[in-house]
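Below: the structure, in structure tokens.
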Amino acid sequence: MAYEKLKEKYTAPAAIEEANQASRIAELEALLADALENSKANSVLQNKILELETELSGVHESLSWRITRPLRALNRLGTAYCLAIQTVRRQVLMRGGLTHALAYYVSTIRREGIGGIRARVARLQSGIGFADGPPSDEAYGEWIARYDTIDDEAVQRMRAAMQGFARQPLISVVVPVYNSDPVFLQEMIESVRAQVYPHWELCIADDASTNPEVRDILQAAAAADSRIRLAFRKENGHISEASNTALALATGELVALLDHDDVLPPHALFMVALYSNRHPDARMFYSDEDKLDAGGRRTMPFFKSDWNPEMFLSRNMFSHLGVISLDLIRQVGGFRRGFEGSQDYDLALRCVEAVGDGGVVHIPHILYHWRIVPGSTAGSAGEKPYAQIAARRALEEHLIRQKLPATLEEPSEHLPVFRIRYAVAQPEPLVTIIVSTRDGGEPLLRCLGSIRKRTIYRNYEIIVIESGSEHAKSLASVGSLGLADNVRVIHDPSPFSFVALCNRAVAEARGAYLCLLDSDIEVMSPGWLNEMVSLAARPGTGAVGARLWYLDGKLRHGGFIIGLGGVAGPMHHMLARGQSGYFQRAIVTQNLSAVTAACLVVGKKAYYEVGGLDESLALAFNDVDFCLRLLEAGYRNVWTPYAELHHHEPARRGSNLEPEKQQRFMQDIHSMEARWGQRFGSDPAYNPNLSLAVDAQPFTLASPPRVGQFD
């Protein structure tokens, strides 16, 4: 059979080394087409089709580096094959039969590639739900029907609201076109013409398409609607040049960037106009987005945070829908040749440099449908390796323009994310590591030993503040620490209070930076303190948090979401090592509202400016409160996945549910509600379309959303 021929040829390393990649892909596609043609009467063959889809996706994924690393590519294909079979068996059971499972699985491979299959298998094994990926198509479809469907009543509400707009800006929708699929091109044009907001112009530049049908469609559209403006380039200049040609047609106050095969929902430009009225000083707007699968069904919603400067330097969160004032685009010089594939990221970086973070506004609504087509990065970042190269170059030039002493790294071979590694000032500033303990014993010695053995940062001192240790072994352990030159032990006979002890120790600290550290922490990554101090030294940074792991490889601390499950809840809690989280948020540096004080670095000046830790919150949420006060003072808190430590089970405080502590715990909750209750439903690092429910995983869909359809 075709399937057996395929396996025989492509599981031999020698064949991989010798085969021509183009002919291999063509053969795979031919075999797949043949299998699809005969699949209707043969349920067994349908499983073979699924396997062909998996192997074909693997070939596409590894095309850019298969020649230089054939054995690794072979291993990946084999692993993907095994994972696919396991996933199919579960999907057949979960989705009501082979036919439905086959359709879902093939769609997943096309949409996400082998990496998506691996993530789904891991999710099924761990049982953690959607915290490491988007919701299922079924769940999202139900959510759309309830909360994101534009009916006649919604249209009337929008038209009535427009009457009260103080400004009704003309929005230029800029589209570069080249040999577009005629059906998709027509759908793109019609989606703009169907906008409820009427003050737009569609500026299309055809980049010397060789398909005459493209010109016919464009000319017919322009004849039917005077708001459509066309330019036909004589020579192909690629997407940046074509975009600049389209920009030359624009006369609007705002420019919306749209690809030739994507679609805008009917309310997209209305929402842009609405937010431009709410934020008249803003120069850049971006929205949430989702994708359209091969059948035109909406899938994979990306609900973004509000403007997040650190995350923006880790991945392009601005597109799509990206809207920028025309004056600003012209000020920075438009699109630049040589950044094709990431030309919008390069443009956004330069625009943010010009207007500052305060000039960017997030619109928390799905205003862009990104179509998944072969060769598009909507399906897989590996489809366009040149796009990742261009993004890297754009970031490197950004670092140079900003005179930032930093280097750029790509921590993942398969995901479009970056790491900015900032340099630590020389000489290294002194850091005071504060460890509070009571009856610490062996855990304390393990903590301090790991700092000494595994920390490459050298200019630090350690203050161990001990409160009422009763056991002789603990007292002996603490006493022995005083022998080290950079370790000081402070004895405090008052009842144990982590908050009070930290504040007491800070008064004794000599360092310009403070590191609050639980005594049950164990260092994993040698560069942990370099990473945290380099971020804390960035202008405007408040607290910096680390990635803390349970000993079994599950994530314990990845930052807090304000309002999750009540006051605050952990983000990506229990995520397994190797999983990337919701749109890679578990593996990139980002701004968060709060991080845990189990391992926290902050400048001493900022610590004193906000009054340190609040000793009235003796049991719970004192770190969340501290971080929120830093935000209120104008600082930005940062979480980094590149400072990794183990967090052993805490023993000193016991359970918050112990009877003698319940009252104190409830008092802390009431204090936080009174002080910060207005923030509980609107964490800027989260999204109002995502759930805060006690019984829900983070990054699942909110029902209902905390933002109205036109809010």
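Numbers at a glance
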| read-out | value |
| --- | --- |
| Selection status of His414, modelled with pLDDT under 95 and within 25 Å of Leu619 (Cβ to Cβ) | no |
| Residue, most open to solvent (accessible area, probe 1.4 Å), within region 189-201, restricted to residues that are in a helix (DSSP H, G or I) and within 15 Å of His369 (Cα to Cα) | Glu190 |
| Elements of type strands (runs of 3 or more DSSP E) contained in region 481-563, each with 1 or more residues being under 17 Å from Ile433 (Cβ atoms) and free of Cβ contacts under 8 Å to residues at least 40 places away in the same chain | 487-492 |
| Positions within region 136-188 being assigned to a loop (DSSP other than H, G, I, E, B), in contact (Cβ under 8 Å) with a residue 24 or more places away in the chain and over 24 Å from Arg215 (Cα atoms), in sequence order | Asp148, Ile150, Phe165, Ala166, Arg167, Gln168, Pro169, Leu170 |
| Residue match in region 260-279 (condition: out of contact with any Phe, Trp or Tyr (no Cβ under 9 Å at 6 or more places or on another chain), closer than 25 Å to Gly334 by Cβ and open to solvent by 10 Å² or more (accessible area, probe 1.4 Å)) | no |
| Residue check, Ser497 surrounded by 13 or more Cβ atoms within 10 Å (Cβ to Cβ) and either polar (S, T, N, Q) or at pLDDT 85 or above (or both) | yes |
| Search result, residues across region 680-706 that are in contact with a His (Cβ under 9 Å, 6 or more places away or on another chain), modelled with pLDDT under 95 and open to solvent by less than 30 Å² (accessible area, probe 1.4 Å) | Pro698, Phe699 |
| Candidate set from region 551-593 (those that are touching a helix residue (DSSP H, G or I) at 6+ places or on another chain (Cβ under 7 Å) and of a type in the set (S, T, N, Q)); member that is nearest to Glu410 (Cα to Cα) | Thr589 |
| Residue match in region 228-238 (condition: assigned to a helix (DSSP H, G or I), at positive phi and not hydroxyl-bearing (Ser, Thr, Tyr)) | yes |
| Complete set of residues in region 642-661 that are outside any loop (DSSP other than H, G, I, E, B) and either at pLDDT 95 or above or surrounded by 13 or more Cβ atoms within 10 Å (Cβ to Cβ) (or both) | Tyr642, Ala643, Glu644, Leu645, His646, His647, Lys661 |
| Check on Leu415, open to solvent by less than 20 Å² (accessible area, probe 1.4 Å), over 30 Å from Ser494 (Cα atoms) and under 23 Å from the mean Cα position of the chain (by Cα) | no |
| Among the residues listed as Gly578, Gly634, the single one being open to solvent by 20 Å² or more (accessible area, probe 1.4 Å) and either within 21 Å of Asp668 (Cβ to Cβ) or at pLDDT 95 or above (or both) | Gly634 |
| Members of region 213-242 found to be within 21 Å of Ile171 (Cβ to Cβ), of a type in the set (D, E, K, R) and open to solvent by 60 Å² or more (accessible area, probe 1.4 Å), listed by number | Arg227, Arg229 |
| Failed condition for Glu615, given (1) modelled with pLDDT under 90; (2) more than 32 Å from the chain's Cα centre (by Cα) | (1) |
| Count of residues meeting criterion [surrounded by fewer than 18 Cβ atoms within 10 Å (Cβ to Cβ) and within 16 Å of the chain's Cα centre (by Cα)] in region 557-572 | 0 |
| Yes/no for Arg298 being in contact (Cβ under 8 Å) with a residue 60 or more places away in the chain and within 20 Å of the chain's Cα centre (by Cα) | yes |
| Of all residues making up region 581-620, the number that are in a strand (DSSP E or B) and open to solvent by 30 Å² or more (accessible area, probe 1.4 Å) | 0 |
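The values are calculated or read from the model by the stated rules, or taken from the named source; none is laboratory data. Worth saying up front: this structure is predicted, and the values here are computed from it rather than measured. Virtual Cβ from ideal backbone geometry, glycine too; neighbours counted across all protein chains shown. The accessibility values were calculated without ligands, DNA or RNA, using every heavy atom of the protein model including side chains. Shrake-Rupley method; radii C 1.70, N 1.55, O 1.52, S 1.80 Å.
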